[in-house]
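Working notes, structure below.
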Amino acid sequence: MDISDIEAALRRPLPGKEAQFLMAPGYRPDYTAEEVMKFNPRIGGVLLLINPTPERYTVVFTLRKEYNGTHSGQMSFPGGKREEGDMDITYTALRETEEEIGVKRETVNVIGALSELYIPPSNFLVYPTVGVLRGPANFTPQEYEVAEIVEIPLDFFMKEESRSTTRIKVMGKTEVEVPAYLYDKYVIWGATAIMMSEFVYVINNNDIAHKWPGSR
């Protein structure tokens, strides 16, 4: 399967909240774009990075280190806050990816983007870029932020049974049940699961999932 299939699918109108909210916690507020902007959110960019290995395609995640903050110990896409010198939000995603996992921006082929997502706990408005790694993966985790770099087969997310629920502590206090992707010991929930949900939706609803290497 040529990567152009997914690139073409990302050029079509995106499903947005219809797909995002399939993996959103029940307590998540449904803000309008106008309401979000009233919060004066910080702007961030993340990269959903595909590694097209000969055996199968994988998606690259980071496991955040434990710290005294909102997203401590969570699975995430590499990315971060837009800086003043960034040319655009895609540049932000590529710059932050290079800083966090050592993947140089010139080795990433950008093939599209997903819908923006507001993250209430950290007041971030995040714009996800989708990219494909060119050449061998030479990952180097950033010492202070990244505990582990994790690759998960893309075909895992394509299966309906990959969607599950788990109980987590919000802000380290209240325990709630949330939708999640559970892969081995890794739990993908919250904003990362919501963005992944839209990506899966785009693939499954454009009749290309069966073409991915490793799919069954």
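Read-outs: derived from the displayed coordinates by stated rules, not from any lab. As the structure is a prediction and not an experimental result, all values here were calculated from the model. Here the Cβ is made from the backbone with ideal geometry for all residues, glycine too, and neighbour counts use every protein chain on show.
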Next item on the list: Would you calculate the separation in nanometres between label points at residue 110 and residue 3, each defined as 7 Å from the Cα along the Cα-to-beta-carbon direction?
Entry: 1.4
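Got a sec? How would 104, 81, 185 order by Cβ neighbour count within 10 Å, fewest to most? Please report the intermediate quantities before stating the final value.
Values: 104 11, 81 14, 185 7.
Ordered from fewest to most neighbouring Cβ atoms within 10 Å, 104, 81, 185 come out as 185, 104, 81.
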Check: Mind checking which helices in the chain clear 20 Å along their axis (Cα) and have mean Kyte-Doolittle hydropathy of 0.0 or more, DSSP H runs only?
Finding: 190-204
Next item on the list: Just the Kirkwood number for the chain, please: inverse of mean 1/r across all distinct Cα pairs, in Å, one decimal.
Entry: 17.6
Checklist line | Using a Förster distance of 22 Å, the FRET efficiency for residue 27-residue 148 (Cβ separation, nearest 0.05) | finding: 0.20
Check: Over the chain, what is the relative contact order in whole percent, taking alpha-carbon pairs under 8 Å and six or more residues apart?
Finding: 28
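With a sphere of radius 9 Å drawn around the Cβ of residue 91, what net charge do the other residues whose Cβ falls strictly inside it have (Lys, Arg +1; Asp, Glu -1)?
Once all neighbours under 9 Å are counted, the net charge is +1.
Using Cα-Cα distances under 8 Å and only pairs 6 or more residues apart, what relative contact order does segment 79-189 have, in percent?
Computed over segment 79-189, the figure is 16 percent.
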Margin query: How far apart, in nanometres, would the label points at residue 65 and residue 35 be if each is projected 7 angstrom from Cα along the Cα-to-Cβ direction?
Written below: 3.7
Checklist line | Peptides 20-33, 122-135, 83-96 ordered by average Cβ neighbours within 10 Å, highest first | finding: 122-135, 83-96, 20-33
Notebook entry, point to check: Who wins for biggest fluctuation among 116, 160, 99 in a Gaussian network model of the chain, springs between alpha carbons below 10 Å?
Noted result: 160
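On a 32 Å Cα-Cα criterion, which of the cross-link pairs 38/104; 38/159; 104/169; 81/169 come out too long?
Details: 38/104 35 Å; 38/159 38 Å; 104/169 35 Å; 81/169 25 Å.
Over 32 Å apart, Cα to Cα: 38/104; 38/159; 104/169.
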Next item on the list: Give the shape of segment 7-102 as rounded, prolate or oblate, defined through the alpha-carbon gyration tensor: a ≥ b ≥ c are the square roots of its eigenvalues, a/c under 1.5 means rounded, and otherwise the shape is prolate if a/b is larger than b/c and oblate if not.
Entry: rounded
Item checked: Dipole of the chain [Lys/Arg +1, Asp/Glu -1 at C-beta], most positive-end residue of 85, 114, 196 -> 196
